[in-house]
Each structure stands twice: as C-alpha cells, then as structure tokens.
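Enquirer: I'd like to ask some things about the structure below.
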Amino acid sequence: MTCAAIQWMPTSVAIGRQLAERLGVPGHEIVLHRFPDGELRVTVGPAAPTTIICCSLNDPNEKLIALLFAAEALL
C-alpha cells in the first residue's frame, strides 16, 4: 500500500493531477452523482494512510457537503 495519495473533486481535476504528479503519489478523481431528488453520492478512490483531498472552495456552499462526505468515506 502506498503511504500517501491525492484525491481531487471534479472542480479541481487539473490541479489535483498536477499535485499528484509532482509529489509522485497516486491520484484519483472523486466522483459525484446527484440523484433526481437532490441527494448526493460521493465515490472515492482507494484510501491511503495519508490522503490529501484537493478541492477548490471558490463556491463553498455548493462544495462543502461533497467535501465532508468524501472525507468521511476515506476514514
């Protein structure tokens, strides 16, 4: 198992990939799916002992719940 990994939200693909490449660690995109009733499903990649979530927070109200769900899924 790798000791560190980067996972990025769909709004931070470019910076997430670049960060993973520069750090030399695996990287995965976090997948968000919004159901017709407004509920959100967050799918993360494999967890590592140290996982950094890369997420732009320029519009935090729209992104905070997904970020919290992703962090919880990686525990």
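Enquirer: Taking segment 53-66 as the search range and keeping residues that are among the aliphatic types (A, V, I, L, M) and farther than 11 Å from Thr43 by Cα, which one is modelled with the lowest pLDDT? Let's see the steps before the verdict.
Expert: First, the residues of segment 53-66 that are among the aliphatic types (A, V, I, L, M): 53, 57, 64-66.
This time we only want the ones that are farther than 11 Å from Thr43 by Cα, so: 53, 57, 64-65.
Numbers: Ile53: 97, Leu57: 90, Leu64: 94, Ile65: 94.
For segment 53-66, the residue satisfying everything is Leu57.
Enquirer: Which members of segment 54-75 meet the condition of being surrounded by 18 or more Cβ atoms within 10 Å (Cβ to Cβ), of a type outside the set (D, E, K, R), without any contact (Cβ under 8 Å) to a residue 60 or more places away in the chain and not in a loop (DSSP other than H, G, I, E, B)?
Expert: Answer for segment 54-75, where residues must be surrounded by 18 or more Cβ atoms within 10 Å (Cβ to Cβ), of a type outside the set (D, E, K, R), without any contact (Cβ under 8 Å) to a residue 60 or more places away in the chain and not in a loop (DSSP other than H, G, I, E, B): Cys54, Ala66.
Enquirer: In the set Gly27, Gly38, which member is modelled with pLDDT under 95 and open to solvent by less than 80 Å² (accessible area, probe 1.4 Å)? Lay out the reasoning, then the answer.
Expert: Working: Gly27 fails: modelled with pLDDT under 95.
Going through Gly27, Gly38 in turn, the sole match is Gly38.
Enquirer: Moving to a separate point now. Can you spot a residue in segment 13-32 that is part of a loop (DSSP other than H, G, I, E, B) and polar (S, T, N, Q)? Show your work before the answer.
Expert: Step one: list which residues in segment 13-32 are part of a loop (DSSP other than H, G, I, E, B), which gives 24-26, 30.
Add one more test, that the residue is polar (S, T, N, Q), and what stays is none.
No, segment 13-32 contains no residue that is part of a loop (DSSP other than H, G, I, E, B) and polar (S, T, N, Q).
Enquirer: Next question, about the same structure. Just for segment 1-24: of the residues that are open to solvent by 70 Å² or more (accessible area, probe 1.4 Å) and touching a residue at least 24 places away in the same chain (Cβ under 8 Å), which one is farthest from the chain's Cα centre (by Cα)?
Expert: Among residues in segment 1-24 that are open to solvent by 70 Å² or more (accessible area, probe 1.4 Å) and touching a residue at least 24 places away in the same chain (Cβ under 8 Å), the one farthest from the chain's Cα centre (by Cα) is Met1.
The values are calculated or read from the model by the stated rules, or taken from the named source; none is laboratory data. Remember, it's a predicted structure, so these values are computed and weren't measured experimentally. Cβ sites come from the backbone with ideal geometry, for glycine too, and all protein chains shown count toward neighbours. We work out accessible area using only protein heavy atoms, side chains counted, and drop any ligands, DNA or RNA first. Shrake-Rupley method; radii C 1.70, N 1.55, O 1.52, S 1.80 Å.
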